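Undergrad: Right, I'll just put the structure down here and ask away after.
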Protein chains: 4
Amino acid sequence: MDGKLRIRVWNEGRHEAVNEPPHIGEIYPDGIHGAIAAGLRPHYPEADITTAVLADEEHGLAEEVLVETDVLLWWGHMAHAEVSDAIVERVHRHVLGGMGLIVLHSGHFAKIFTKLLGTSCSLAWRNEGERELVWTVKPSHPIAEGVDNPIVIPEQEMYGELFDIPDPDDLIFISSFAGGEVFRSGVTFTRGKGRIFYFSPGDQEDPVYDHPQVQRVLANGVKWAAQPDLDRSAPEVRNAPRGWYETSAM
Amino acid sequence: MDGKLRIRVWNEGRHEAVNEPPHIGEIYPDGIHGAIAAGLRPHYPEADITTAVLADEEHGLAEEVLVETDVLLWWGHMAHAEVSDAIVERVHRHVLGGMGLIVLHSGHFAKIFTKLLGTSCSLAWRNEGERELVWTVKPSHPIAEGVDNPIVIPEQEMYGELFDIPDPDDLIFISSFAGGEVFRSGVTFTRGKGRIFYFSPGDQEDPVYDHPQVQRVLANGVKWAAQPDLDRSAPEVRNAPRGWYETSAM
Amino acid sequence: MDGKLRIRVWNEGRHEAVNEPPHIGEIYPDGIHGAIAAGLRPHYPEADITTAVLADEEHGLAEEVLVETDVLLWWGHMAHAEVSDAIVERVHRHVLGGMGLIVLHSGHFAKIFTKLLGTSCSLAWRNEGERELVWTVKPSHPIAEGVDNPIVIPEQEMYGELFDIPDPDDLIFISSFAGGEVFRSGVTFTRGKGRIFYFSPGDQEDPVYDHPQVQRVLANGVKWAAQPDLDRSAPEVRNAPRGWYETSAM
Amino acid sequence: MDGKLRIRVWNEGRHEAVNEPPHIGEIYPDGIHGAIAAGLRPHYPEADITTAVLADEEHGLAEEVLVETDVLLWWGHMAHAEVSDAIVERVHRHVLGGMGLIVLHSGHFAKIFTKLLGTSCSLAWRNEGERELVWTVKPSHPIAEGVDNPIVIPEQEMYGELFDIPDPDDLIFISSFAGGEVFRSGVTFTRGKGRIFYFSPGDQEDPVYDHPQVQRVLANGVKWAAQPDLDRSAPEVRNAPRGWYETSAM
């Protein structure tokens, strides 16, 4: 499967463009998207791993691109509101049709995420560079395979409960922070035929995407979310004649 | 709790207005909303049970009305597109804040339902008045309390899988139809602080809302969804100073 | 409902009998069961709240007692192995038949709990009297009603992940500890027609059952788990003639 | 992964031994286990697929065999009670440690299944060779990949609700029968580190295991349940010194 995978890493790219924080160019010289892609490559040496940013034409998410994308990773923060509604609809349709989606950190407020989940996706936060511990609570899940328990992240923005999401299909990771808060930091959802993974570690302030264990989680997430052999079509309403299944199946 | 409950039955009311099907006035002389409300009254003799339709000002769903509503029941079919987006946003906010919502039958395509669920909510259908059997698969759930297993509905529109919804919090009822299809006909979701129950039996063609067992299910659903003592406020993002909980709690 | 409730608080009672820890008589002069029962009484002034211990005849869990019990609370630790297998079978049958069960703290290793869950129910622990924060992650659940978020427990034994339980029906509370561990501290399960709630705070070393918020959680748990109107019978295999439901329902 | 897989098909083998039904030798000349194994081979040409029966020494489930088994399939019916409790304990330990387990049809009453699930696993049944339709309700799940929706099985024993199981992790298939009953026929559970799949079609009366779609489901189930790279160890209780994770991870 690995060789055929087509992975697209999307990043808003605004923090990098405005140099906020000022050291972002040091910790992420190729942008957050560049760092995420670089972390995936050793895990998928034969995959087609590309990146795109908000400023690209159609945000780099044209129909013909999505058709050829098995898994889309999404990082955004400052410019959620600037993402085109039409493109959000398009991504939504592809997810329902079976494209994998991995939403990262501040992507919790991305239009595509709140649209898929139906809730506010709000949370508590504090950006003081606290130690985060990421604990595995579902060791049988493919995304937990080979992952340290806990992952120790020395400095990271705090995300705390209440995280206003629907009950996830699977709760894989729970984080604690030095300040005492907890967060459901690794959760999966399915919508239509698509698989969605949200993973919270990874801020613009700290080089979290260089952490080998975080890279391992994202690589596992890609493998879990990808359905390269699936017919890409969202579920549709249909009028079913009585006994239709006797001669065919769909 | 019963005496205080404020229950609002919303119906699009279009089938009744256009006399489609022609016998709708016979089976539902007070409209579908009237029949649903009438079925609830014996179960909640002291409750405040009101009805509203699409043609009412603000669809009968003004802010001051929703503030005073514990549970909203929703029936729609022909005119989903005519429901105001602003009012859908308002209902959505109230659900996240804790208002109960019961979505009925063809309401699966209501804007408020697809917005809360994030999927297409599509399904297979056939309107030939088939026998539906509603089987209980979670007998421990409050909504199944005292309900026949199965409920036998002599004639009903067929709704069949794939029902494109997220995994429900609880799957309570599964229906089979004479033609062989199955359907997850009674499912719950939570979004924010709100509780949502979807129940599929109940078409404009057949007097299903007069069925005592269907009335029992809806009464149970109301009881389960209501949170009259809850502070009505949707979850919100907040910046949490370190150790904030040491002096207060929220 | 409250007036009719029959609540039975079961405690192994061994720590009290052997005075271990030496100060247990000071913090729990009426035993852990006495403290739990005392905490429930203001919430259910008309309920029939009784206690029982391992040393009682049939552990205080005779068939005729269980028949008259709506909710059983269970605290055990040192003497799990001394609980009679026959009585565990009896309790198990009553849970499947609809009796509510609330398992507390070190009861995670009780025979009845591992039998109902099917896993090892093992966990990590450390008894150094650390601060525990109990965070609500499902605010729509009846057991979270009116509960502080977080509950601050100044000193408590640490219970940490991996907590080897099946995926719960509902995850209501997640705790963090001063040492950085997290724990799914409030979870529900259903088995047969019965409702089960596990809540981890509450050790023999610290007077946690005197905490008003812990008392509130247990009171909510009792209300949620009780099904006083249910026919107490466990699901059974049955041979179903074709069309049996046309003349009757069960 | 496929080449390394070690798959063991266990069958009680009693129906075959006593020739009940008399035509079992015609429909399953190599036994039910032989048919299941034969159905898997085209899907896993390089796997090590073996069979075992109750009459084998240690039921063919010695410790050294289980250590080398990635996925165990289980078919039993007449002789559940004759399975050694000690061997059930052993299989249980291996499942918690990560061995995949696929339980088939009348295996719902196998000791290993009820022990893992904690419920009675009872159901309704009728053996009149009715048509079963197996509908996919979670198309995003790996076990549903490439499977007809519905699968049409011309003749099969009816299994109906209430199926007394815990809420599954994933509900993949729901069946309907000509007589109107429904059944959650394809469900997954996780216990400890192990993955469990139950699939109900497949009786001793009808050659259901020769159905290409049933074979496809079982092949998918094996792939989903297998964790060949996992350290085989069940979760265990442990005393965790404060800050233990700062120097190591486990």
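The values are calculated or read from the model by the stated rules, or taken from the named source; none is laboratory data. Given the structure is predicted, the values throughout are model-derived calculations rather than measurements. Ideal geometry is used to build each Cβ from the backbone, glycine not excepted, and the neighbour counts take in all protein chains shown. With ligands, DNA and RNA removed, areas are computed over all heavy atoms of the protein, side chains included. Shrake-Rupley method; radii C 1.70, N 1.55, O 1.52, S 1.80 Å.
Undergrad: Just for the stretch C:1-157, what percent of DSSP beta bridges are antiparallel, to the closest 5? Let's see the in-between values first.
TA: Working: 4 of 20 bridges.
Among the beta bridges of the stretch C:1-157, antiparallel pairing accounts for roughly 20 percent.
Undergrad: Now for a different question. Based on DSSP H runs of at least 4 residues, each adding -39500 (n - 2.57), what is the mean residue ellipticity at 222 nm of chain C after dividing by all its residues, to the nearest 500 deg cm²/dmol?
TA: Details: 7 runs with 58 residues, N = 250.
Theoretical 222 nm ellipticity from helices: -6500 deg cm²/dmol.
Undergrad: What are the ³J(HN,Hα) couplings of the stretch C:98-111, residue after residue, when phi is run through the Karplus curve with 6.51, -1.76, 1.60 and θ = phi - 60°? Round to Hz, x for glycine and proline.
TA: So the Karplus estimates, Gly and Pro as x, are x, 5, x, 9, 10, 9, 10, 6, 5, x, 4, 9, 5, 3 Hz.
Undergrad: Heavy atoms only, probe 1.4 Å: what % of the accessible area of chain D goes to carbon and sulfur, would you let me know?
TA: 48
Undergrad: Taking each residue in C:227-239, count the Cβ atoms of any other chain within 10 Å of its Cβ, then average. What number comes out?
TA: Numbers: counts 4, 0, 2, 4, 1, 0, 0, 4, 12, 6, 9, 7, 5.
Per residue, the number of nearby Cβ atoms from other chains is 4 on average.
Undergrad: Once the other residues with Cβ under 13 Å from the Cβ of C:Thr190 are scored (Lys, Arg +1; Asp, Glu -1), what is the net sum? Walk me through the numbers before you get to the answer.
TA: Values: positive: B:Lys138, C:Arg191, C:Lys193, C:Arg195; negative: B:Asp169, B:Asp170, C:Asp167, C:Asp169, C:Asp170, D:Asp164, D:Asp167.
Counting the neighbours of C:Thr190, the net charge comes to -3.
Undergrad: At a Förster radius of 41 Å, what calculated FRET efficiency corresponds to the Cβ-Cβ distance of B:Ser84 and B:Val152, to the nearest 0.05? Intermediate results must be reported in sequence, preceding the final value.
TA: Values: r = 39 Å, r/R0 = 0.95.
In this case the efficiency is close to 0.60.
Undergrad: Roughly how big is the protein assembly as shown's charge dipole about its Cα centre, with Cβ charges of +1 (Lys, Arg) and -1 (Asp, Glu), in debye to the nearest 20? Could you put the intermediate results ahead of the total?
TA: Details: 84 positive and 156 negative charges, 0 e Å.
In total the dipole reaches around 0 debye.
Undergrad: Next question, about the same structure. What angle do you read, to the nearest 10 degrees and between 0 and 90, between the alpha-carbon axis of helix A:85-97 and the longest principal axis of chain A?
TA: Value to nearest ten degrees: 60.
Undergrad: Quick one: 3J(HN,Hα) in Hz for the stretch B:190-195, Karplus 6.51/-1.76/1.60 with θ = phi - 60°, rounded, Gly and Pro as x.
TA: With coefficients 6.51, -1.76 and 1.60, one gets 10, 9, x, 9, x, 10 Hz.
Undergrad: If you don't mind, there's one more thing I want to ask. Can you give me the angle between helix B:212-225 and the longest principal axis of chain B, using Cα atoms only, in degrees from 0 to 90, rounded to the nearest 10?
TA: Tilt of helix B:212-225: around 10 degrees.
Undergrad: Okay, moving on. For the stretch D:172-188, in order, what is each residue's ³J(HN,Hα) by Karplus, 6.51 cos²θ - 1.76 cosθ + 1.60 with θ = phi - 60°, in whole Hz (x at glycine and Pro)?
TA: Karplus values, whole Hz, x for Gly and Pro: 9, 10, 10, 9, 10, 10, 3, x, x, 6, 10, 7, 6, 8, x, 9, 10.
Undergrad: Same structure, new question: Dipole size in debye (nearest 20) for the stretch D:22-96 around its Cα centre, Lys and Arg Cβ +1, Asp and Glu Cβ -1? Numbers along the way, then the final one.
TA: On the way: 3 positive and 14 negative charges, 61 e Å.
With Lys and Arg at +1 and Asp and Glu at -1, about 300 debye.
Undergrad: May I ask for the net charge around D:Leu54, where only other residues with Cβ less than 13 Å from the Cβ of D:Leu54 are counted and Lys, Arg are +1 while Asp, Glu are -1?
TA: Net charge around D:Leu54: -4.
Undergrad: In the neighborhood of D:Gly118, defined by Cβ-to-Cβ distances under 9 Å, what is the net charge if each Lys or Arg adds +1 and each Asp or Glu adds -1?
TA: Local charge sum for D:Gly118: +3.
Undergrad: Let me ask another. With the cut-off at 1.5 for a/c, could you classify the stretch A:80-140 from its C-alpha gyration tensor as rounded, prolate or oblate?
TA: Because a/c hits 1.5 or more and a/b fails to exceed b/c, the stretch A:80-140 counts as oblate.
Undergrad: On average, how much accessible surface per residue is there in the protein assembly as shown, in Å², for a 1.4 Å probe, leaving out ligands, DNA and RNA?
TA: 33
Undergrad: If you build a Gaussian network model of chain A, linking Cα atoms that sit under 10 Å apart, which residue out of A:Gly186, A:Gly202, A:Gly60 swings the most?
TA: Highest fluctuation of the listed residues: A:Gly60.
Undergrad: With r as the distance between the Cβ atoms of A:Arg242 and D:Glu57 and R0 = 60 Å, compute the FRET efficiency 1/(1 + (r/R0)^6) and round to 0.05.
TA: Given R0 = 60 Å and the Cβ-Cβ separation, E is 0.65.
Undergrad: Which of rounded, prolate, oblate describes the stretch B:1-112, given a ≥ b ≥ c as roots of the alpha-carbon gyration tensor eigenvalues and a/c under 1.5 marking rounded, otherwise prolate only if a/b is larger than b/c?
TA: Because a/c hits 1.5 or more and a/b fails to exceed b/c, the stretch B:1-112 counts as oblate.
Undergrad: Please give the length that would be gained between C:Asp30 and C:Arg131 if that part of the chain were fully extended, namely 0.36 nm times their separation in residues minus their C-alpha to C-alpha distance (nm, one decimal).
TA: Gain in length upon complete extension: 33.9 nm.
Undergrad: Let me ask something else. Mind checking the angle between helix B:31-40 and chain B's longest principal axis? C-alpha axes, 0 to 90 degrees, to the nearest 10.
TA: So the helix axis and the longest Cα principal axis differ by about 70 degrees.
Undergrad: Assign one of three labels to the stretch D:1-62, namely rounded, prolate or oblate, based on the Cα gyration tensor with a ≥ b ≥ c the square roots of its eigenvalues; rounded applies when a/c is under 1.5, prolate when it is not and a/b is larger than b/c, and oblate otherwise.
TA: oblate
Undergrad: Another question, then. Compute for chains A and B the buried accessible surface, both sides summed, probe 1.4 Å, and express it in Å² to the nearest 100.
TA: Buried area (both sides, nearest 100 Å²): 2800 Å².
Undergrad: Percent antiparallel among DSSP beta bridges with both residues in the protein assembly as shown, to the nearest 5?
TA: On the way: 92 of 180 bridges.
For the protein assembly as shown, the DSSP antiparallel bridge percentage is about 50.
Undergrad: I've got another one for you. Based on Cβ point charges of +1 for Lys and Arg and -1 for Asp and Glu, what charge dipole magnitude is obtained for the stretch A:113-160 about its Cα centre, in debye rounded to the nearest 20?
TA: The dipole of the stretch A:113-160 has a size of about 280 debye.
Undergrad: 5 Å is the cut-off here: which amide hydrogens, built 1.01 Å from N in the peptide plane, fall below it relative to B:Val237, excluding neighbours closer than 5 in sequence?
TA: Here the answer is A:Leu123, since their amide H atoms fall under 5 Å of that of B:Val237.
Undergrad: What residues have an amide H closer than 5 Å to that of D:Gln227, excluding those fewer than 5 places away on the same chain, when H is modeled at 1.01 Å from N in the peptide plane?
TA: HN-HN under 5 Å from D:Gln227: D:Gly100.
Undergrad: Name the residues whose placed amide hydrogens come within less than 5 Å of the amide hydrogen of A:Val9, ignoring near sequence neighbours (fewer than 5 apart) on the same chain.
TA: Correct list: A:Thr50, A:Thr51, A:Ala52, A:Leu73.
Undergrad: Also, quick follow-up: Placing the label point 7 Å from Cα along the Cα-to-Cβ direction, what are the distances from D:Ala86 to the equivalent spots in the other copies, shortest first, in nm to one decimal?
TA: 2.6, 7.3, 7.7
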